[in-house]
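Peer 1: Have a look at the structure that comes next, please.
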Amino acid sequence: MPKYYPEEEGEEPKPKTACSGIREDLLDCLLKSDCVMKDGKTPRECLQLGHHPSIPNKCHNLRTAFFECKRSILDMRSRFRGRKGY
């Protein structure tokens with residue numbers, strides 16, 4: 001699930017890049033997976049393994065969603081229709 005943090009008073013909101021919420025969720029999911037915790041690999045190495053049993057399906061679904069989000073940025077039709085999910 002996407003995480004939303006309330007902004008504190010006096011702080012300027014940080015500029016969010018496209019797909020940053022999904023990216024944070026994917027990183028969080030990978031850091032909590034057995035691939036990183038038990039095997040001692042980096043999140044990048046775990047993503048390159050593909051469908052490995054030590055990576056939960058939630059992380060694979062977030063990876064697909066992140067890919068689709070990034071792809072929608074490059075899609076010229078999105079200039080007229082807007083990005084998916086927004």
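Peer 1: Where residues in segment 50-67 are surrounded by 14 or more Cβ atoms within 10 Å (Cβ to Cβ) and part of a loop (DSSP other than H, G, I, E, B), which of them is modelled with the lowest pLDDT?
Peer 2: Filtering first and then ranking leaves His52.
Peer 1: In segment 20-28, is there at least one residue being among the hydroxyl-bearing types (Ser, Thr, Tyr) and part of a helix (DSSP H, G or I)?
Peer 2: Within segment 20-28, one or more residues are among the hydroxyl-bearing types (Ser, Thr, Tyr) and part of a helix (DSSP H, G or I).
Peer 1: Working carefully through the options Asn57, Asn61, find the one that is without any contact (Cβ under 8 Å) to a residue 12 or more places away in the chain and within 17 Å of Cys19 (Cβ to Cβ).
Peer 2: Testing whether each residue is without any contact (Cβ under 8 Å) to a residue 12 or more places away in the chain and within 17 Å of Cys19 (Cβ to Cβ) leaves just Asn61.
Peer 1: Now a separate question. Within segment 29-49, can you find the residues that are under 21 Å from Cys19 (Cβ atoms) and assigned to a loop (DSSP other than H, G, I, E, B)?
Peer 2: Ser33, Thr42
Peer 1: Next question, about the same structure. From (1) modelled with pLDDT under 90; (2) touching a Phe, Trp or Tyr at 6+ places or on another chain (Cβ under 7 Å), pick out the condition that doesn't hold for Leu26.
Peer 2: Condition not satisfied by Leu26: (1).
The values are calculated or read from the model by the stated rules, or taken from the named source; none is laboratory data. Source: prediction; values computed, not measured. Every residue, glycine among them, receives a Cβ derived from its backbone with ideal geometry; neighbour counts consider all protein chains shown.
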